[in-house]
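These notes are about the structure you will find just below.
The values are calculated or read from the model by the stated rules, or taken from the named source; none is laboratory data. The structure displayed is predicted, hence computed values, not measured ones. Ideal geometry is used to build each Cβ from the backbone, glycine not excepted, and the neighbour counts take in all protein chains shown.
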Amino acid sequence: MTLKLYGYPASSSARIVAMTLVEKKVPFEFVTVAMEVGEHKSPAFLEKQPFGQIPIIDDDGFILYESRAICRYIALKYADQGTRKLIPTDSLQEIALFEQAASIEQNNFNEYARTIVYELVAKPKYTNEEPDKAVVDKSIATLSSKLDVYDVILGKQKYLAGNEITLADLFHLPLGTMLATAGTDVLDSKPNVARWFKDISSRESWIAYKDGVQSTA
């Protein structure tokens, strides 16, 4: 049975799951969830995802939600095909360094980048409200200081967990790309960060889905 990915084409979380599937050479059927009419809150959908959020996968009857959990599942289930070591497992130290890098993204990047993108892109588009300049300025300043540390780390190694790309790097792509759309240059202002982000955002798997998800099966 072909794996099914349920989501919204422009969803940042759906795009990173689709990218992971492509990196691991796993064909999938994309099922669009009509969020504009509340399908994600319907009883049928809530049976699969009790929080009414996207994305979810159905892998031959195995239902899984939360994008980071889905990506980890895909990387581990298909460890021996496609891009190797998206989650490195050769040693306890490798696993720990990967989890450290994944925590860096979630705690030092995601929150601030999401706030900036919401204020500058989503808020004006979906609520017709002006961005809160104080919130934007504070979030950019905080993210910039966090990226100063990224720049030190990436000055010593190619990727966040070492010298091989992992999910921890890929998790930055949707919001990192949207930071440029929002008109900020916070990534480009750090030389090692700029080099790293150009590298990961040039991957064919991301280019295929950076503007939206569609089926490969």
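Write out, first by first residue and then by second, each pair whose Cβ atoms fall under 6 Å of each other, whose residues are 6+ apart or on separate chains, and whose first residue, in segment 99-110, is of a type outside the set (A, V, I, L, M) while the second is assigned to a helix (DSSP H, G or I).
Sorted first by the residue in segment 99-110, then by its partner, the pairs are GLU105/ALA168; ASN108/LYS146.
Among the listed residues GLU111, GLU164, GLU130, GLU119, which satisfies the condition of being of a type in the set (Asp, Glu) and within 22 Å of SER205 (Cα to Cα)?
GLU164
Within segment 23-39, how many residues turn out to be surrounded by fewer than 21 Cβ atoms within 10 Å (Cβ to Cβ) and in a helix (DSSP H, G or I)?
Total satisfying the criteria: 4.
Among the residues of segment 145-168, is any more than 16 Å from CYS71 (Cβ to Cβ), loosely packed, with under 14 Cβ neighbours inside 10 Å and modelled with pLDDT under 95?
No.
The conditions are (1) free of Cβ contacts under 8 Å to residues at least 12 places away in the same chain; (2) loosely packed, with under 14 Cβ neighbours inside 10 Å, and LEU64 fails exactly one of them. Which is it?
Evaluating LEU64 over (1) free of Cβ contacts under 8 Å to residues at least 12 places away in the same chain; (2) loosely packed, with under 14 Cβ neighbours inside 10 Å leaves (2) as the failure.
Taking the conditions exactly as written (in contact with an Asp or Glu (Cβ under 7 Å, 6 or more places away or on another chain) and surrounded by fewer than 17 Cβ atoms within 10 Å (Cβ to Cβ)), does ALA194 satisfy them or not? Give the steps one after another, and end with the answer.
Values: in contact with an Asp or Glu (Cβ under 7 Å, 6 or more places away or on another chain): yes; surrounded by fewer than 17 Cβ atoms within 10 Å (Cβ to Cβ): yes.
Considered against the rule, which asks whether it is in contact with an Asp or Glu (Cβ under 7 Å, 6 or more places away or on another chain) and surrounded by fewer than 17 Cβ atoms within 10 Å (Cβ to Cβ), ALA194 comes out as yes.
Going by the structure shown, is GLU94 among the charged types (D, E, K, R), over 13 Å from the mean Cα position of the chain (by Cα), farther than 20 Å from TYR159 by Cα and surrounded by 16 or more Cβ atoms within 10 Å (Cβ to Cβ)?
Considered against the rule, which asks whether it is among the charged types (D, E, K, R), over 13 Å from the mean Cα position of the chain (by Cα), farther than 20 Å from TYR159 by Cα and surrounded by 16 or more Cβ atoms within 10 Å (Cβ to Cβ), GLU94 comes out as no.
Tell me the residue from LYS198, LYS146, LYS210 that is touching a residue at least 24 places away in the same chain (Cβ under 8 Å), out of contact with any Phe, Trp or Tyr (no Cβ under 9 Å at 6 or more places or on another chain), within 26 Å of ALA75 (Cβ to Cβ) and outside the structural domain of ILE70 (by TED's automatic domain parsing), please.
LYS210
Regarding LEU46, is this residue under 30 Å from GLU164 (Cβ atoms) and at pLDDT 95 or above?
The answer is no for LEU46.
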